[in-house]
Every structure is written in structure tokens, then in C-alpha cells.
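A.B. asks: Pasting in a structure now, in C-alpha cells, and then I'll have a few things to ask.
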Amino acid sequence: MTTECTYCRNTRNLPPGITICHTCLERLETALRDIPGLSRELLTTLAREDVLTRPGQEGGATHAGPAEPVNGAARDPGEDLTAVLRAWADTLEQDHGTSNAVSYSRRILGHLNNIRSRTDSGQLTDEILDAYQRCRMVVDLPPDRVLLGTCRTIDQETGEECPGDVRGIKDRPEARCDTCGTTHHQAERMQAAVSSAWEQAAPLAIIVKALTSAGFKISLSSAKRWARRGDLRTLWATPDGTSLYTMAQVYDTMTTKRANHGGTRHKKERAA
């Protein structure tokens, strides 16, 4: 039985009671997990734009006197995002905790399984992704950002693990938690993340992204070509028919293809 996804409006083989496809739910989850880092970047943009120039003064000197803020482009999308997240967080649960975008996004993340079957899941996804994308447009995002898993640093006072995400920039030695600020060695976090997820099944795009972040040179187009030709095979799939792979499967196929390509090249060189 085919069903229309309430967000992308494409016809999918959704299980009974499911209203949003796996791909769209994954887009929503990615945006929600990115909001802590995006919130910090919005604050950085606001701080930079809040440097005001005295009217009529030359040389760009600043002053601390009262003036209208000039950063409405950054502030308004940030406020809109917070308002949208708050509305949906309160719709999903009546927990009036910390009032900020980060806490709202984490509350919504805890309800992803519930969202999959809500009749308003398309509206929820549309409003959150729209507000999120407008925020992304007004901040200067660092290049080659990588997500390195949950921080889990133990708070010495409470004994609790930090739930924040560790983020870094490719080719830099250190990464930082977006919640507690703890600094981590990026290479160690990357190795641990890859090792723990090596046999975990996920859609091909996610697997390729994880391998690329770990330093393996592989493109999604190549992986899709291997799958089409039957070089990359899997027995796993989501209820809506999306094939699932592991990093181990894709890595093994990649090394086999490259070894065969190298052998073919050497034969041609000897024949010449």
C-alpha cells in the first residue's frame, strides 16, 4: 500500500500509521541536532554586527551610546526559530523547562518516534526546517564542519553525563562540545565514533558522509553506482523501502573496486 508523505508529498511505501517518510524525518533530525551549534553562531553574528558607528564620524570609530541595532537580519530569524521550536515542543509535551532554542530542539528530538505517526508531522517538519534554513542563511558557518558524537563528559558536581554534541572543523586538532565547552581531540573522537558505528546500518548517504568525515575518499555517486551494478549489496531496508548499509560494507566494496582498478591499470601499462 502506497501512502503520500505529509512533508515531501511523494508517494512512499509507508507502514500503516506512519505519516512521514524516513528521508524527511532524517532531515528534521539533522536540523534539530544542528541547532545548538547554529545558536552559538547566531550569537557570534549578532555580536559582530552590534559594533555601531557614531553618525557622521569618519574612520569607523565605535561608541557605546544608545542606537538602533543593525542586526535585525540575524536576530529576527533566530527569534522566529525559537518561537517555532517552543510552539512544537509545547505541543508534544507540557514541559516548561529552560526557555531557549537548544532546550526546545532537544525536547522535540525526544519525540521523533511519535512525530512519525502524527497527522501534523508535515506541518511540524515544514515550519521547523523553514525557520532553520533562514537562520543558516544569515550566519557565517565554518567550512568543513564535522559532528563527532555526544560529549558524555561527567559533571564533577552532579555526576551526570553532558548531553551536548561535539563539533569540530576538518583538519583541525581539537573539537568542542556545544553545551559544556569541553575540548576533545578530534582524531580520537573520530576514531571512536567510526569504530562504534562500523557495523551499524544506515541509509547510503549517511554512511558515505561518515566515511568521508573519517578521512576516506569516497563519493556518494560512486557508492550509488556500486549499488546499482550489484557490487554493493545489502539485506537491510527501512519499512518504506530505503536500503540500509554499514560502513564496513561500503569500505570493503571501495577497497575491492580500487584494487581491481589498480590491477587493470597495471595490465594496460605492461601491455603498452
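A.B. asks: Take the Cβ-Cβ distance between ASN260 and GLU29 as r, set R0 to 25 Å, and report the resulting FRET efficiency rounded to the nearest 0.05. Before the final figure, lay out each step's value.
C.D. replies: Values: r = 37 Å, r/R0 = 1.46.
Calculated transfer efficiency: 0.10.
A.B. asks: At a probe size of 1.4 Å, how large is the accessible area of ARG152, to the nearest 10 Å²?
C.D. replies: 140 Å²
A.B. asks: Okay, next question. Using amide H atoms built 1.01 Å from N in the peptide plane, name the residues 5+ places from ASP165, or on other chains, whose amide H lies under 5 Å from its own.
C.D. replies: Amide H to amide H, under 5 Å and 5 or more residues apart or across chains, ASP165 pairs with CYS151, ASP178, THR179.
A.B. asks: Hey, another quick one. For ASP120 and ASP80 in one chain, what is 0.36 nm times their gap in residues minus the Cα-Cα distance, to one decimal in nm?
C.D. replies: Numbers: separation 40, 0.36 × 40 = 14.40 nm, distance 1.95 nm.
Extending this stretch completely gives an extra 12.4 nm.
A.B. asks: Right, here's the next one. Hey, rough spin-label estimate for SER243 and SER221, points 7 angstrom out along Cα→Cβ, what's it come to in nanometres?
C.D. replies: Label-label distance for SER243 and SER221, simple model: 1.8 nm.
A.B. asks: Please list, ordered by chain and number, the residues whose modelled amide H lies under 5 Å from the amide H of ASN13; skip anything fewer than 5 residues away on the same chain.
C.D. replies: Amide H to amide H, under 5 Å and 5 or more residues apart or across chains, ASN13 pairs with THR3.
A.B. asks: Here is a follow-up. In Å², what does the accessible area per residue of region 149-247 work out to with a 1.4 Å probe? Can you show the working numbers first?
C.D. replies: Details: 6120 Å² over 99 residues.
Spelled out: the 1.4 Å probe surface of region 149-247, per residue, equals 62 Å².
A.B. asks: Rank these residues by their accessible area, most exposed first, probe 1.4 Å: SER196, SER221, SER213, SER105.
C.D. replies: On the way: SER196 95, SER221 75, SER213 40, SER105 0 Å².
Descending accessible area places them as SER196, SER221, SER213, SER105.
The values are calculated or read from the model by the stated rules, or taken from the named source; none is laboratory data. Everything numeric here is computed off the predicted structure, so don't read it as measured data. Please note: Cβ atoms are built from the backbone with ideal geometry, for glycine as well, and neighbour counts cover all protein chains shown. To get the accessible areas, we keep the full protein, side chains included, count just its heavy atoms, and leave off ligands, DNA and RNA. Shrake-Rupley method; radii C 1.70, N 1.55, O 1.52, S 1.80 Å.
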